[in-house]
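For reference, the structure is listed below as structure tokens.
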């Protein structure tokens with residue numbers, strides 16, 4: 001290769017300094033943008049807590065078993081304990097397209113206040129259905145959802161009737177970071 005360049009009257013000696021200069025300029029630009037973001041106060045999103053979530057079986061709509069039907073129960077199986085005041089639940093029923101977001105926990109009684117729910121009005125707000133760590137009225141009153149703790153809501157059978165095989169997707173969102181910290185799909189039986 002050196003012979004070819006010598007015949008053409010060219011040399012490859014100037015290539016290394018040019019590449020070095022290009023890399024130095026790129027490194028300087030990266031450093032300047034990082035320092036600029038820091039100086040302007042751009043905040044990087046803090047990571048949310050890590051939670052392992054499992055769902056309990058859901059009883060499909062059955063007027064004969066109205067006390068147990070359509071209850072959505074989640075269990076914190078491990079990970080970071082999270083204050084329920086920093087949680088929102090996003091509940092979706094794929095078959096019907098219904099979706100609701102509920103937050104502003106804990107509630108003072110077991111009843112879910114309708115002003116805390118946005119989206120489709122299919123979550124039960126008339127009975128005592130905000131349970132577990134979501135409620136200050138139950139045995140788990142510390143306001144923290146930790147390992148072994150349950151929380152739950154209920155689908156209003158007057159709005160959506162879950163049939164066997166229907167699924168309900170529940171996402172647990174950490175409001176401080178905006179991250180989904182847990183998700184589970186519950187299947188009605």
_residue 109 vs. criteria assigned to a loop (DSSP other than H, G, I, E, B) and free of Cβ contacts under 8 Å to residues at least 40 places away in the same chain_ = yes
May I ask you to verify whether residue 97 is in the same structural domain as residue 166 (by TED's automatic domain parsing), surrounded by fewer than 15 Cβ atoms within 10 Å (Cβ to Cβ) and either touching a helix residue (DSSP H, G or I) at 6+ places or on another chain (Cβ under 9 Å) or more than 13 Å from residue 156 (Cα to Cα) (or both)? yes
The condition from (1) touching a strand residue (DSSP E or B) at 6+ places or on another chain (Cβ under 8 Å); (2) surrounded by 11 or more Cβ atoms within 10 Å (Cβ to Cβ); (3) at pLDDT below 90 that residue 47 misses is numbered (2)
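Which one of these is surrounded by 18 or more Cβ atoms within 10 Å (Cβ to Cβ), touching a strand residue (DSSP E or B) at 6+ places or on another chain (Cβ under 9 Å) and touching a residue at least 40 places away in the same chain (Cβ under 8 Å): 102, 144? Steps first, please.
Values: 144 fails: surrounded by 18 or more Cβ atoms within 10 Å (Cβ to Cβ).
Just a single option satisfies the conditions, and that option is 102.
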Residue 139 passes all but one of the listed conditions (1) touching a strand residue (DSSP E or B) at 6+ places or on another chain (Cβ under 8 Å); (2) more than 22 Å from residue 59 (Cα to Cα); the exception is number (1)
Review point. Can you find a residue in the range 104-127 that is closer than 19 Å to residue 69 by Cβ and touching a helix residue (DSSP H, G or I) at 6+ places or on another chain (Cβ under 6 Å)?
Key: yes
All conditions in (1) surrounded by 15 or more Cβ atoms within 10 Å (Cβ to Cβ); (2) assigned to a helix (DSSP H, G or I) are true of residue 115 except (1)
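From the list 186, 151, pick out the single residue that is in contact with a helix residue (DSSP H, G or I) (Cβ under 8 Å, 6 or more places away or on another chain), assigned to a strand (DSSP E or B) and under 18 Å from residue 70 (Cα atoms). Spell out how you get there, then give the answer.
Details: 186 fails: in contact with a helix residue (DSSP H, G or I) (Cβ under 8 Å, 6 or more places away or on another chain).
From the options 186, 151, the qualifying one is 151.
The values are calculated or read from the model by the stated rules, or taken from the named source; none is laboratory data. Nothing here was measured: the structure is a model prediction, and the numbers come from that model. Note: ideal-geometry Cβ built from the backbone for every residue, glycine included; neighbour counts use all protein chains shown.
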